[in-house]
Amino acid sequence: LFPYTTLFRSELSNVTPVLRVADVDPDISERAIDRLKHAELLCPGHTLAFAAPIVQWAILRHIPSSRRSRLHSRCADLLERSGADESLVVSHLLATEPAWSKEVAARLKFAGRNLLDQGHVPLAMKCLRRSLNESAVADQEASTWLDLAECEIELDLRTSLSSFQKALTLGIDDDEKVIKVALRLTHSLRDWPELRVEGVATLQGLSARLNAVDTTLQ
């Protein structure tokens, strides 16, 4: 039970996810948790909270990375099936080792877009970057690169220009979304003089798209 508690990296008031991942009989879990608290490894009370961060660190060190990755994958699947918050699910997916999995790439891409819409920009960016890293170059989608550019603009990252250019190169078809992101990039270029010439040239190349969007965007 102890190593599985470590994987969740949070103070859990509901021990059910830990018990399911660890495949521990609920009838014996109470005794196991009581022993850990008696040994002063877990804090007293109703939450599964470590008494000291060094305890969690020590346990993680002794779980092989490949096994830890598999366990995080199991945690993500379990939490997703139980309807857990998307940010908790993806925290486990991001903790797995890269496996160039199309399934993982698709899950993270979908989660990244949702998290971006919800305003969780830093986590959304992590999901989108990992999604692209999990994908072969031939499988990368322009929409993912555009979502990533949107995140990077929001976080004032200069890599947003190259991500935006990548989306254009791959042939993004959503003219309205392209122009909306381009407008935000225009404002950012004011603070990035070293990228201004390249950025303006990229933006000028979008003039042919203007007739396809609402006049307020034009």
Some residue of segment 43-61 being modelled with pLDDT of 90 or more and among the aliphatic types (A, V, I, L, M)
no
Looking at segment 137-148, is at least one residue open to solvent by 60 Å² or more (accessible area, probe 1.4 Å), of a type in the set (Gly, Ala, Ser), out of contact with any Lys or Arg (no Cβ under 6 Å at 6 or more places or on another chain) and closer than 27 Å to residue 99 by Cα?
yes
Report whether or not residue 185 is out of contact with any Lys or Arg (no Cβ under 8 Å at 6 or more places or on another chain), closer than 30 Å to residue 89 by Cβ and not polar (S, T, N, Q).
no
In segment 187-199, the residues that are open to solvent by 60 Å² or more (accessible area, probe 1.4 Å) and out of contact with any Asp or Glu (no Cβ under 9 Å at 6 or more places or on another chain)
187, 190, 193, 194, 196, 197, 198
Search result, residues across segment 1-42 that are modelled with pLDDT of 75 or more, part of a loop (DSSP other than H, G, I, E, B) and open to solvent by 100 Å² or more (accessible area, probe 1.4 Å):
40
Of the residues in segment 123-134 that are open to solvent by 30 Å² or more (accessible area, probe 1.4 Å) and not hydrophobic (A, V, I, L, M, F, W, C), the one that is farthest from residue 90 (Cα to Cα) is 133
Considering segment 75-87 alone, what residues qualify as being modelled with pLDDT under 85, open to solvent by 50 Å² or more (accessible area, probe 1.4 Å) and on the phi < 0 side of the Ramachandran plot?
81, 82
Residues of segment 149-174 classified as open to solvent by 50 Å² or more (accessible area, probe 1.4 Å), in contact with a Ser or Thr (Cβ under 8 Å, 6 or more places away or on another chain) and over 15 Å from residue 189 (Cβ atoms), total:
1
Hits in segment 57-89 - residues which are in contact with a Phe, Trp or Tyr (Cβ under 8 Å, 6 or more places away or on another chain) and closer than 30 Å to residue 119 by Cα
71, 75
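The values are calculated or read from the model by the stated rules, or taken from the named source; none is laboratory data. Keep in mind that this is a model prediction, so the values were computed, not measured. Ideal geometry is used to build each Cβ from the backbone, glycine not excepted, and the neighbour counts take in all protein chains shown. Accessible surface is based on the protein model in full, side chains and every heavy atom, while ligands, DNA and RNA are left aside. Shrake-Rupley method; radii C 1.70, N 1.55, O 1.52, S 1.80 Å.
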